[in-house]
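Down below is the structure, laid out as structure tokens.
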Amino acid sequence: MIVLRNIAFYLAFYFGSIFITAAALASVPFSKPAFRRRVEDWSGWQRWCMQTFLGIELVIEGSPVGEPALYAVKHESFFEAIDAPTLFDSPAVFAKKELHGIPGWGRAAAAYGLIFVAREQGAKALMTMIRSAKSRSADGRPLVIFPEGTRVPHGERRRLQSGFAGIYKMIGLPVVPVAVNSGPLYHRGLKKKGTITYRFGETIPAGLPRDEVEARVLDAINALND
């Protein structure tokens, strides 16, 4: 049964993705709002396929706050990365600069308003990134970052990327940590039936010392590591 569920999921999700992505790219020259809606359609399509074919339920504890904020999200699988436009309202997501070079996807990501992180390109690139983040936040878009920098196996605590505290300091926004436990179910290969939970943590104010904000974020995003 698990194999049949996965076959149905992969066929539906990837074939559907082809059409949704084509529609999204076709809309880029004409309407950014229409393009963003297609991206959100793709994100929602993943969630629908997951629930329908894999039997994975979704529980969301808490919700985004009603003020500009930086959301620090636990990263265990591709699920939460693709799900971000469904969980949040038109989020501006921090992403690796290398992703911008992927044919087609990179163009779409830039058009959606992702914030590309150039880790090794010095102060000028950093300030450009911060200006982009502040501009998107001023437009009312939530900022989303995966502070571990890569997918981390469920149950494992890994130090946050060194750049997270710098981004937090320069943006000057409160942080909302978000725990998620997608890892045990949403594998690269066979995905399993069960429940994925998001848990929005307590808002962490802006302006805290580096050690304190990192410790509080790390504890909160690992709150579901039981």
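For the chain, adding -39500 (n - 2.57) for each run of n ≥ 4 DSSP H residues and dividing by the number of residues yields -14500 deg cm²/dmol at 222 nm. Going by the alpha-carbon gyration tensor, a ≥ b ≥ c the square roots of its eigenvalues, is the chain rounded (a/c under 1.5) or, if a/c is not under 1.5, prolate (a/b greater than b/c) versus oblate? Verdict is oblate for the chain. Subtracting the Cα-Cα distance of Leu25 and Lys169 from their residue separation scaled by 0.36 nm leaves 48.4 nm. Ranking Trp48, Trp42 from most to least accessible surface, computed with a 1.4 Å probe over the protein chains only, gives Trp48, Trp42. Note on Phe88: accessible area approximately 10 square angstrom, rounded to 10, probe 1.4 Å, nucleic acids and ligands left out. Computed with a 1.4 Å probe over protein heavy atoms only, the accessible surface of the chain comes to 50 Å² per residue.
The separation of segment 161-226 from segment 1-57, counted between C-alpha centres, amounts to 25 Å.
Distant-in-sequence amide contacts of Ile115, defined by a placed amide H-H separation under 5 Å and a gap of 5 or more residues or a different chain, comprise Val93, Phe94, Ala95. Candidate membrane-span-like segments in the chain, meaning DSSP H helices with Cα atoms spread over at least 18 Å of their own axis and a Kyte-Doolittle mean of 0.5 or above, are 2-27, with no membrane implied. Close Lys pairs in the chain (alpha-carbon distance under 20 Å; sequence gap of 8 or more, or different chains): 14. The accessible surface of the chain, taken with every protein chain in place and a 1.4 Å probe, is 59 percent carbon and sulfur.
Give the shape of segment 1-79 as rounded, prolate or oblate, defined through the alpha-carbon gyration tensor: a ≥ b ≥ c are the square roots of its eigenvalues, a/c under 1.5 means rounded, and otherwise the shape is prolate if a/b is larger than b/c and oblate if not. Oblate, since a/c reaches 1.5 and b/c is not below a/b. To the nearest 10, the accessible area of Arg158 is 80 Å² with a 1.4 Å probe.
The values are calculated or read from the model by the stated rules, or taken from the named source; none is laboratory data. Bear in mind that the values here come from a model prediction, so they are computed numbers and not experimental data. Please note that ligands, DNA and RNA were not included when accessible areas were found on the heavy atoms of the full protein model with its side chains. Shrake-Rupley method; radii C 1.70, N 1.55, O 1.52, S 1.80 Å.
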